[in-house]
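Engineer: Please read through the structure below; I'll follow up with questions.
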Amino acid sequence: MVDVSQTPYLRLREGRAEKLGARASGAIHYAVLTDPDRRQVFITLTRNEGSGGFSKEVVPLRDIEEALADVAEGGTFASKQLRTAFVGKSACNGGFLSAALKAEGLVAPAPDVKHQLVRRGDWAGWQAEVLALDGEAILIPPLPAGSNSASPAAVPSVQGSPATPSGGRKSRRGGNRLMAVGATSGEGDEDPA
């Protein structure tokens, strides 16, 4: 039996965002999450309707803001700049995250520069808004199919906050299939990419 380390989150909102690339088709699906104590906001990409690999990490909003820290007020940036918010190295990560941020009203296409974006909106206000939403308790990653550890008695409590990494950024990220607490694998899961 493989011991699966799961992290509790609250799913605050799910969304679907049209891809931003000129030749891209379909949309990307994402979820806005928080820790059970509602101290941080996270975004995770959950599904791709078209082609292109992406990382299934749970990305803290603070890492997204850090990736854009050197963008001056009103300055433009390319979506690839957001890749640094991820541990995974998929070339699509930045573009797909940009689409989710655009859908949330946090970035917009640059008015005068083709293929560039600008930050917009009140990021702190957006964070406060989503933290005020009701949330559904989920575990990431869900237990593997057929695992008898998915019984309600075996599901970890969601009273704590997400595991704090001890050895670097990689350990604080999880997969993207979101399972409601108490659900068995296959119920409450997102569609696989």
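The values are calculated or read from the model by the stated rules, or taken from the named source; none is laboratory data. In this text the structure is predicted, and so the values were computed from the model without any measurement. Ideal geometry is used to build each Cβ from the backbone, glycine not excepted, and the neighbour counts take in all protein chains shown.
Engineer: Given the options Ser25, Ser55, name the one that is of a type in the set (S, T, N, Q) and over 15 Å from the mean Cα position of the chain (by Cα).
Structural biologist: Numbers: Ser55 fails: over 15 Å from the mean Cα position of the chain (by Cα).
Checking each option against the conditions leaves just Ser25.
Engineer: Only one residue in Val59, Val118, Val113 is touching a Ser or Thr at 6+ places or on another chain (Cβ under 8 Å), in contact (Cβ under 8 Å) with a residue 24 or more places away in the chain and in a loop (DSSP other than H, G, I, E, B). Which one? Spell out how you get there, then give the answer.
Structural biologist: Working: Val59 fails: in a loop (DSSP other than H, G, I, E, B); Val118 fails: in a loop (DSSP other than H, G, I, E, B).
The match here is Val113.
Engineer: Kindly provide the set of residues from the range 44-66 that are in contact with a helix residue (DSSP H, G or I) (Cβ under 6 Å, 6 or more places away or on another chain) and at pLDDT 95 or above, ordered by number.
Structural biologist: The first filter runs over the range 44-66 and keeps only residues in contact with a helix residue (DSSP H, G or I) (Cβ under 6 Å, 6 or more places away or on another chain), leaving 45, 54-55, 59, 63-64.
Hits for the range 44-66 are Val59, Asp63, Ile64.
Engineer: Something else now. Checking the structure you have, find out if any residue of the range 100-110 is in contact with a Ser or Thr (Cβ under 8 Å, 6 or more places away or on another chain), free of Cβ contacts under 8 Å to residues at least 40 places away in the same chain, over 20 Å from Val58 (Cα atoms) and surrounded by fewer than 21 Cβ atoms within 10 Å (Cβ to Cβ).
Structural biologist: yes
Engineer: Does the range 29-88 hold any residues that are of a type in the set (S, T, N, Q), over 26 Å from Ala128 (Cβ atoms) and surrounded by 15 or more Cβ atoms within 10 Å (Cβ to Cβ), and which are they? Please lay out each step first, then the result.
Structural biologist: Of all residues in the range 29-88, those of a type in the set (S, T, N, Q) come to 34, 40, 44, 46, 48, 51, 55, 76, 79, 81, 84.
Those still in the list that are over 26 Å from Ala128 (Cβ atoms) too: 48, 51, 55, 76.
Asn48, Ser55, Thr76, listed by residue number.
Residue by residue, here is whether (1) modelled with pLDDT under 95; (2) of a type in the set (Phe, Trp, Tyr); (3) closer than 18 Å to Arg13 by Cβ; (4) touching a Cys at 6+ places or on another chain (Cβ under 9 Å) holds:
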site	(1), (2), (3), (4)
Leu68	no, no, no, no
Gln127	no, no, yes, no
Ala132	no, no, yes, no
Ala145	yes, no, no, no
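Engineer: Can Gly125 be described as closer than 20 Å to Gly21 by Cβ, free of Cβ contacts under 8 Å to residues at least 40 places away in the same chain, surrounded by fewer than 21 Cβ atoms within 10 Å (Cβ to Cβ) and of a type in the set (Gly, Ala, Ser)? Quick ask: steps written out before the conclusion?
Structural biologist: Numbers: closer than 20 Å to Gly21 by Cβ: no; free of Cβ contacts under 8 Å to residues at least 40 places away in the same chain: yes; surrounded by fewer than 21 Cβ atoms within 10 Å (Cβ to Cβ): yes; of a type in the set (Gly, Ala, Ser): yes.
No.
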